[in-house]
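Just so it is clear, none of the values below were taken in a lab; they were calculated from the coordinates. Note that the structure is predicted; figures quoted are calculated from it, not measured. Here Cβ is always computed from backbone atoms with ideal geometry, including for glycine, and neighbour counts include all displayed protein chains.
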Amino acid sequence: MTKHHIQTTLNGDEIDVLVEPAQSLLDVLRDELHMTGTKEGCATGDCGACSVTIDGNLVCSCLVLGVEVGGRNIETIEGMANGDQLHPLQDKFIEHVALQCGICTPGLLIAAKHLLEENPDPTEEEVRYGLAGNLCRCTGYQKVVEAVLDAAQVMQK
Amino acid sequence: MQNLRYEAPETLADATALLAAEDGMARVLAGGTDVIVQMHSDLIEPDLIVDVKNIPELTEIAKEGGAYRFGAAVSGKTLMLHEDFNKTWPGVMDGVRLIGSLQIRGRASVGGNLCNASPAADSVPPMIAAGAVASVIGPNGARDIPVEDIVTGPGQTCLDKSEIVVSFLLPERPPRSGDAYLRFTPRTEMDIAVVGAGVNLTLDDDGACTAARVALAAVAPTPLLVAEAADALIGTKVDETALEALAAAASAACNPIDDKRGTVEYRIKVAGVLARRAAAIALERAGKNQ
């Protein structure tokens, strides 16, 4: 199979990668670039565990082909903390214990960050709808919603 | 998919030529939220993927006189961010907003939703009710096809293998027009319609309905345009009697299946209820839209 040479920006770094046409962006991130923070849940766009942003647009990386992302700006969970300095959402997820097994957490954090960028002061309902594409089988969502609402308050200060 | 080729042409002519020249299986890629799932679950094994998102005609939203034309590959999210389109066609947007999650709408397009040809596609009934016409291009030229004529069965369309849906034209709105789409699902998000109903209507100065279109989803092998249901509204003030006649006509048009989402009897009943509720919302929106 002919591989395509893709040049793109990942978490602020310009990268080059060879991808096969059928490879999803998720597989390119995990298997070619060894960025394993982004998780595979369902691989059919139902669970949101593989959420990333492309040019600021929230998507499931399992439903994007690697060959599509040349010249784009991709953000994954690896780009969320600033060195050792956690993002306020990450801090609040820890403080509120908004995770147990952790598989959904990178996707939830990416989706929550996207939500707060578009709507810095959401209501509880807006948070629940905003995160409806991210499934979590551990927390029952309540702690996640509380963490996001708390982070929103901190980030507005 | 050992020999899968990926092409991202920048013109319609190149795209249709690529599709026409492919002897094996070719698939058009817009948002990929159906095609990539089918590829990765081995339901399809295409030889060629033609990504159409670099073709300007497929990604633009523009006014043509008073009418709206938007590209078939425009994502749901992009439509959601277009304020005037949302104001003009709130019912179409009711359907678009119900497709998948935010993540899915960031990629999924109305053109893809239509060409995937599911009887339960949420954006299709309001597009049919809106009177949207698809602009289709192939190696032998362009043709315009009303949206209700595209889907011919589950997963089947009337398009030739080298044809592409380029864009949709939605007619100019007369004053006092409104549209709405409702679907029934057990969950509020991330679910597939048990039944969907779209209604688009126009009122005259006295509040009488002068034009209406009603379309249903998930109650037949294809999305349905139900002329009898529209006729029940036209010439009335969309009062209780008219709404009852509309519900009866909508239920009578159904030819559903039993499946895990609902039974035949349930779908027939709910189609009438939803059509009636959608008409009430369309009526309210028409009243506000002087």
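Simple point charges give the picture: +1 on the Cβ of Lys and Arg, -1 on the Cβ of Asp and Glu, and for the range A:1-62 a dipole about the Cα centre of about 120 debye. Is the C-alpha gyration tensor of the protein assembly as shown telling us rounded, prolate or oblate? Criteria: a/c under 1.5 is rounded; beyond that, a/b larger than b/c is prolate, otherwise oblate. The shape class here is oblate.
Helix B:12-21 and the long axis of chain B differ in direction by around 70°, with both axes built from C-alpha atoms.
Can you give the calculated 222 nm mean residue ellipticity of chain B, where each DSSP H run of n ≥ 4 adds -39,500 (n - 2.57) and the sum is split over every residue, rounded to the nearest 500 deg cm²/dmol? Could you put the intermediate results ahead of the total?
Values: 12 runs with 99 residues, N = 290.
Rounded to the nearest 500, the figure is -9500 deg cm²/dmol.
First check a/c for chain B, with a ≥ b ≥ c the square roots of the eigenvalues of its C-alpha gyration tensor; if it is under 1.5, answer rounded, and if not, answer prolate when a/b is larger than b/c or oblate otherwise. Prolate. Take B:T11 and B:L81, extend 7 Å from each Cα along the Cα→Cβ direction, and tell me the distance between the two endpoints in nm. It is 2.9 nm.
Basic side chains Lys and Arg get +1 at the Cβ, acidic Asp and Glu get -1 at the Cβ, and with that the dipole of chain A about its Cα centre reaches some 320 debye. Distance between the 7 Å Cα→Cβ label points at A:Q7 and A:E125: 4.9 nm.
Can you tell me the length gained on complete extension of the stretch B:I61 to B:E172, counting 0.36 nm per residue apart and subtracting the Cα distance?
Working: separation 111, 0.36 × 111 = 39.96 nm, distance 1.45 nm.
My answer for the length gained is 38.5 nm.
Distance between the modelled labels on A:E32 and A:C101, one decimal in nanometres: 2.9 nm (7 Å Cα→Cβ projection). Springs join every pair of Cα atoms under 10 Å in this Gaussian network model of chain B, and among B:A271, B:A180, B:A253 the largest mean-square fluctuation is at B:A253.
Would you mind checking the pairs A:K3/B:K161; A:K143/B:K288; B:K87/B:K161 and listing those with alpha carbons more than 31 angstrom apart? Violating the 31 Å Cα-Cα cut-off are A:K143/B:K288; B:K87/B:K161.
Add -39500 (n - 2.57) for each DSSP H run of 4 or more in chain A, then divide by its residues: what number comes out at 222 nm, to the nearest 500 deg cm²/dmol?
Numbers: 4 runs with 44 residues, N = 157.
About -8500 deg cm²/dmol.
Of A:D84, A:D27, A:D16, the residue with the greatest mean-square motion in the GNM of chain A, using alpha carbon springs below 10 Å, is A:D84.
Comparing B:P125, B:P223, B:P146 in a Gaussian network model of chain B (Cα springs below 10 Å), the most mobile by mean-square fluctuation is B:P146.
Toward the positive end of the charge dipole of the protein assembly as shown, with +1 on the Cβ of Lys and Arg and -1 on the Cβ of Asp and Glu, the farthest Cα among B:P46, B:L169, B:A220 is that of B:A220. Could you pull out the GluC sites (Glu not before Pro) across the range B:2-57 that fall in loop regions by DSSP (anything but H, G, I, E, B) with no more than 16 other Cβ atoms inside 10 Å? Loop-located and lightly packed - B:E10. How big is the gap, in Å, between the Cα center of the range B:40-69 and the Cα center of the range A:39-105? Distance between centres, Cα-based: 26 Å.
Let's see if you can work this out: charge +1 on each Lys and Arg Cβ, -1 on each Asp and Glu Cβ, no other charges. What is the dipole magnitude of the protein assembly as shown about its Cα centre, in debye to the nearest 20? Spell out each step's value before the answer.
Numbers: 36 positive and 62 negative charges, 190 e Å.
My answer is approximately 920 debye.
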